[in-house]
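Taking it in order: structure first as structure tokens, then the write-up.
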Amino acid sequence: MSQRDNMSEKKIATPSVTRNLMQAHTIRAKKSLGQNFIIEPQVIDNIVTAAGCDKQDLVLEIGPGLGSLTQALSNAAGQVIALEIDQSLIPALEQSLAACANVRLLHADAMTADLPRILAEAYQASPNLRPGFMAVANLPYYITTPLLLRFLQQPDLPWRRLVFMVQKELAERMQAEPGSKDYGALSLAVQYRAKARLAFSVPPSVFLPRPKVASAVIVLERLAAPCVQPADENLFFAVIRAGFNQRRKTLPNSLSSVLQLPKEQVNAALAAAGVAPERRAETLTMAEFARLADEIKNISG
Ligand code: SAM
């Protein structure tokens with residue numbers, strides 16, 4: 001049996017297979033690219049279970065690394081598109097995924113890749129795939145938030161579910177409710193478009209190399225429509241950002257300084273929206289932010 005055949009049958013997510021692959025391809029994990037490889041097969045199985053994909057699903061994976069999650073997704077899903085930014089990992093991936101005929105491996109940056117085109121091509125080539133793809137990833141932590149916002153703020157990207165391993169603290173912020181210490185602009189950005197559920201947490205020891213903090217898998221289930229309908233979505237998010245921008249200031253002060261509006265207009269908008277001026281941004285619900293943004297639009301013209 002050739003080394004290639006032998007590799008393709010083994011689970012990649014074990015300490016020995018990972019180390020062997022890294023040695024054979026002289027790979028050193030790059031901190032700058034957030035490379036923390038999963039070396040615990042049960043964690044891979046749990047991510048795939050959380051994704052709940054089947055043979056009709058198209059799955060987009062960001063950062064396949066050495067292919068551990070990709071291999072399991074290939075078994076569970078209809079087709080997998082894997083985007084890896086690090087050219088030096090491509091030969092190792094070609095080896096580890098040699099038996100995975102339904103994986104399309106692309107050397108690409110997930111932040112700039114033309115995702116609508118890549119996905120449209122996959123659907124054209126396999127029209128039997130279920131509409132609404134899933135993105136599943138052990139995300140590189142250095143770009144978790146911008147990557148997530150790429151999915152959340154690009155409504156024409158037809159994702160149905162996002163299943164991401166992220167820093168635990170970030171997963172908690174995504175599902176936080178008003179009034180809790182973790183609630184902020186990220187909670188609102190996520191919950192505007194999706195229902196968030198923290199599926200499970202893992203300690204640093206399941207990765208090679210070990211990160212400093214615990215991680216968690218968050219599942220974001222896309223809502224049929226955003227949960228509120230502000231008249232101006234951009235203004236709605238600008239009001240949220242302004243509200244949380246200067247947490248120590250009162251709401252009227254931070255809104256008027258960040259949005260550059262006269263204080264009287266902000267106070268009038270707060271009154272019309274039924275939000276007391278002494279409230280802090282972290283106590284406002286999504287619906288209250290939407291009402292406030294609509295009143296600011298009315299009053300400021
Ligand atoms: N999926 C593998 C695993 O779970 O073992 C690796 C996960 S590792 C946390 C993150 C991966 O994302 C690395 O392979 C890294 O090179 C890749 N990556 C980092 N930035 C990226 C980007 N902008 N686009 C695509 N891949 C990226």
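Scan region 107-143 for residues that are open to solvent by less than 20 Å² (accessible area, probe 1.4 Å) and more than 10 Å from the ligand (Cβ to nearest atom) and jot them down. Leu115, Ile118, Leu119, Ala122, Leu129, Gly132, Phe133, Met134, Ala135 - these are the residues of region 107-143 that are open to solvent by less than 20 Å² (accessible area, probe 1.4 Å) and more than 10 Å from the ligand (Cβ to nearest atom). Contact map, region 53-80: first residue not assigned by TED's automatic domain parsing to the domain that holds Ile12 and within 15 Å of the ligand (Cβ to nearest atom), second residue open to solvent by 20 Å² or more (accessible area, probe 1.4 Å) and among the basic types (Lys, Arg), Cβ cut-off under 9 Å, separation 6 or more or different chains; the map is empty. Right, Leu251: within 17 Å of Gly184 (Cα to Cα) and crowded, with 18+ Cβ neighbours inside 10 Å or not? Yes. In region 193-216, what residues are of a type outside the set (A, V, I, L, M) and open to solvent by less than 10 Å² (accessible area, probe 1.4 Å)? Those that are of a type outside the set (A, V, I, L, M) and open to solvent by less than 10 Å² (accessible area, probe 1.4 Å): Phe207, Ser215. Residues of region 266-286 that are over 13 Å from Ala242 (Cβ atoms) and either in contact with a strand residue (DSSP E or B) (Cβ under 7 Å, 6 or more places away or on another chain) or assigned to a helix (DSSP H, G or I) (or both): Asn267, Ala268, Ala271, Ala272, Ala273, Glu282, Thr283, Met286.
Taken over region 120-168, the criterion of being over 20 Å from Asp182 (Cβ atoms) and aromatic (Phe, Trp, Tyr) is satisfied by Tyr123, Phe133, Tyr142, Phe151, Trp159. Candidates are the residues of region 217-236 that are in a helix (DSSP H, G or I) and open to solvent by 30 Å² or more (accessible area, probe 1.4 Å); the one that is nearest to Leu259 (Cα to Cα) is Leu235. For region 22-32, the tally of residues that are in a helix (DSSP H, G or I) and either open to solvent by 40 Å² or more (accessible area, probe 1.4 Å) or at pLDDT below 95 (or both) stands at 4.
Within region 68-102, being in contact with a strand residue (DSSP E or B) (Cβ under 8 Å, 6 or more places away or on another chain) and either open to solvent by 30 Å² or more (accessible area, probe 1.4 Å) or part of a loop (DSSP other than H, G, I, E, B) (or both) holds for Ala77, Gly78, Gln79, Ile85, Gln87, Glu94, Leu97, Cys100, Asn102. Of everything in region 33-52 that is more than 17 Å from the chain's Cα centre (by Cα) and assigned to a loop (DSSP other than H, G, I, E, B), the residue that is farthest from the ligand (Cβ to nearest atom) is Glu40.
So which residues in region 144-166 are open to solvent by less than 10 Å² (accessible area, probe 1.4 Å) and either closer than 30 Å to Lys212 by Cα or in contact (Cβ under 8 Å) with a residue 60 or more places away in the chain (or both)? Passing the criteria: Thr144, Leu147, Leu148, Phe151, Leu152, Trp159, Leu162, Val163, Phe164, Met165, Val166. Taken residue by residue, region 240-252 has at least one member that is farther than 30 Å from Ala51 by Cβ, among the hydroxyl-bearing types (Ser, Thr, Tyr) and without any contact (Cβ under 8 Å) to a residue 40 or more places away in the chain.
The values are calculated or read from the model by the stated rules, or taken from the named source; none is laboratory data. Computed from a predicted model, the values in this text were never measured in an experiment. A quick note on method: Cβ atoms are made from the backbone with ideal geometry, for glycine too, and the neighbour counts reach across all protein chains shown. Each accessible area value is taken on the protein alone, full model and side chains, heavy atoms only, with ligands, DNA and RNA left out. Shrake-Rupley method; radii C 1.70, N 1.55, O 1.52, S 1.80 Å.
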